[in-house]
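These notes are about the structure you will find just below.
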Amino acid sequence: MAADDGGVALPRVGVGVDVHPLESGRPMHLAGLHFPDEPAGCGGHSDGDVAAHAACDALLSAAGLGDLGSQFGTSRPEWSGASGTTLLAETAHRVRAAGFEIGNVAVQVVGNRPRLGPRRAEAGAALSSAVGAPVSVSATTTDGLGLTGRGEGVAAVATALVVRRGD
């Protein structure tokens with residue numbers, strides 16, 4: 001167990017990044033929410049929820065459990081089409097089973113659409129429910145630069161804080 005001189009468990013931080021292309025006619029799922037009025041959704045093995053996927057990667061990284069691909073990759077057909085919140089809840093379960101408590105997760109979505117601001121509180125509540133710990137959600141654009149700025153995809157970056165439980 002990593003500890004400071006006082007024998008206290010030190011927090012561990014993980015970072016996660018996820019990017020998916022937009023596909024016309026595919027449902028848009030983002031930050032645990034469905035956006036039915038969007039003409040395109042994120043492609044991928046599951047529902048393409050980049051916010052939930054980045055949160056998964058951050059939690060797995062913090063706990064030293066690998067990444068989303070190693071846990072739920074395309075070689076695992078049982079996860080095909082899974083919702084981001086299902087993957088996030090399972091990730092939180094695996095992190096806790098590995099002996100960690102989850103402090104919090106912060107997720108920032110990068111993209112032009114959908115407009116997340118009006119549903120930010122709802123998104124935070126959906127992801128927090130899946131994790132069983134506080135999740136904050138924010139969003140930004142890249143002012144027309146890169147694949148997110150051109151409207152070709154959506155990205156997300158997340159950080160997570162976990163602490164190993166005492167023995």
**OP:** For region 4-22, enumerate the residues that are at pLDDT 95 or above and among the charged types (D, E, K, R).
**Re:** Arg12, Asp18
**OP:** Would you tally the residues in region 139-158 being farther than 20 Å from Thr91 by Cα, open to solvent by less than 30 Å² (accessible area, probe 1.4 Å) and not polar (S, T, N, Q)?
**Re:** 3
Original post:
Among the candidates Gly111, Gly64, Gly81, which residue alone is open to solvent by less than 40 Å² (accessible area, probe 1.4 Å) and of a type outside the set (D, E, K, R)?
Top reply: Gly111
Original post:
Hey, any hits in region 32-53 for a residue that's at positive phi and open to solvent by less than 20 Å² (accessible area, probe 1.4 Å)?
Top reply: yes
**OP:** Identify, by number, the condition in (1) over 25 Å from Ala9 (Cα atoms); (2) within 17 Å of the chain's Cα centre (by Cα); (3) among the charged types (D, E, K, R) that Arg96 doesn't meet.
**Re:** (1)
**OP:** Enumerate the pairs (first residue in region 115-136 and closer than 14 Å to Leu161 by Cα and touching a residue at least 40 places away in the same chain (Cβ under 8 Å); second residue anywhere and of a type outside the set (A, V, I, L, M, F, W, C) and in a helix (DSSP H, G or I)) with beta-carbon separation below 7 Å, excluding pairs fewer than 6 apart on the same chain, so at least 6 apart or on different chains.
**Re:** Val135/Gly124; Val135/Ser128
Subject >> Some residue of region 68-89 being free of Cβ contacts under 8 Å to residues at least 24 places away in the same chain and at positive phi >> reply: no
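For Ser136, state whether it is among the small types (Gly, Ala, Ser), within 19 Å of Asp47 (Cβ to Cβ) and open to solvent by 60 Å² or more (accessible area, probe 1.4 Å). Write out each step before concluding.
Working: among the small types (Gly, Ala, Ser): yes; within 19 Å of Asp47 (Cβ to Cβ): no; open to solvent by 60 Å² or more (accessible area, probe 1.4 Å): yes.
Judged against the criteria, Ser136 is not a match.
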Subject >> Failed condition for Thr159, given (1) in a helix (DSSP H, G or I); (2) farther than 24 Å from His34 by Cβ >> reply: (1)
Original post:
Is it true that Leu59 is buried (at least 18 other Cβ atoms within 10 Å of the Cβ), free of Cβ contacts under 8 Å to residues at least 60 places away in the same chain, under 21 Å from Gly132 (Cα atoms) and touching a Ser or Thr at 6+ places or on another chain (Cβ under 7 Å)?
Top reply: no
**OP:** Would you mind finding the one in Leu161, Leu87, Leu127 that is under 18 Å from Val15 (Cβ atoms), open to solvent by less than 50 Å² (accessible area, probe 1.4 Å) and out of contact with any Phe, Trp or Tyr (no Cβ under 9 Å at 6 or more places or on another chain)?
**Re:** Leu127
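The values are calculated or read from the model by the stated rules, or taken from the named source; none is laboratory data. Predicted model only: the values in this text are computed from it and were never measured. Heads up, the Cβs are rebuilt from the backbone with ideal geometry, glycines too, and the neighbour counts pull from every protein chain shown. Just so you know, the surface numbers come from the protein's heavy atoms only, side chains and all, with ligands and any DNA or RNA stripped out. Shrake-Rupley method; radii C 1.70, N 1.55, O 1.52, S 1.80 Å.
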